[in-house]
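First up is the structure itself, then whatever we jot down about it.
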Amino acid sequence: MDKEFNQEFVMMKLKIETLEEKIDHVNVKLGVITEHLLNPDQGFVSRVNRNTQFREDVGPLVKDMYDIRRWKSQVSRVLWIIATGVILGLVGLLFILK
């Protein structure tokens, strides 16, 4: 009976030691994950903050670009209207002068 108890006790002790090793391994991995997330220079949070700052900085430029495109489109329409009017006026003038 004592021998069985001692064997079970030794097995339980080995299992606890194995469990402690696994917990230590998990703690190391958790430390690495925390490092990747919270590193102030290259961490995930830092990259998200830089991306947000970039979007805030570039946002007005993108709006300006769309405004310039809209202005260009309107100017192109006006120039086509003027060119068409001038050409039609010249053609009409040629028919009147003949």
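Laboratory data are not the source of any read-out in this text; all were calculated from the coordinates shown. This structure is a prediction, so every number in the text was calculated from the model and none was measured. Glycine gets a Cβ as well: all are built from the backbone with ideal geometry, and neighbour counts include every protein chain shown.
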Checklist entry - Does at least one position in region 52-59 carry a residue that is surrounded by fewer than 10 Cβ atoms within 10 Å (Cβ to Cβ) and assigned to a helix (DSSP H, G or I)? => result yes
Next on the checklist: Given the options Ile96, Ile68, Ile81, Ile87, name the one that is of a type in the set (Val, Ile, Thr) and loosely packed, with under 10 Cβ neighbours inside 10 Å.
Outcome noted: Ile96
Next on the checklist: If the requirement is being touching a Leu at 6+ places or on another chain (Cβ under 7 Å), hydrophobic (A, V, I, L, M, F, W, C) and without any contact (Cβ under 8 Å) to a residue 24 or more places away in the chain, which of these qualifies: Val86, Val45?
Outcome noted: Val45
Next on the checklist: I'd like to know if region 3-10 contains one or more residues that are in a helix (DSSP H, G or I), loosely packed, with under 10 Cβ neighbours inside 10 Å and acidic (Asp, Glu).
Outcome noted: yes
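Conditions tested, residue by residue: (1) touching a helix residue (DSSP H, G or I) at 6+ places or on another chain (Cβ under 7 Å); (2) hydrophobic (A, V, I, L, M, F, W, C).
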site: Asp24; (1), (2): no, no
site: Ile33; (1), (2): no, yes
site: His36; (1), (2): yes, no
site: Phe44; (1), (2): yes, yes
site: Asn51; (1), (2): no, no
site: Ile68; (1), (2): no, yes
site: Gly89; (1), (2): no, no
site: Phe95; (1), (2): no, yes
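Applying the selection to region 24-51, what residues are in a helix (DSSP H, G or I) and small (Gly, Ala, Ser)?
Gly31, Ser46
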Checklist outcome for this item: Note on Met65: of the conditions (1) in a helix (DSSP H, G or I); (2) under 18 Å from the mean Cα position of the chain (by Cα), unmet is (2)
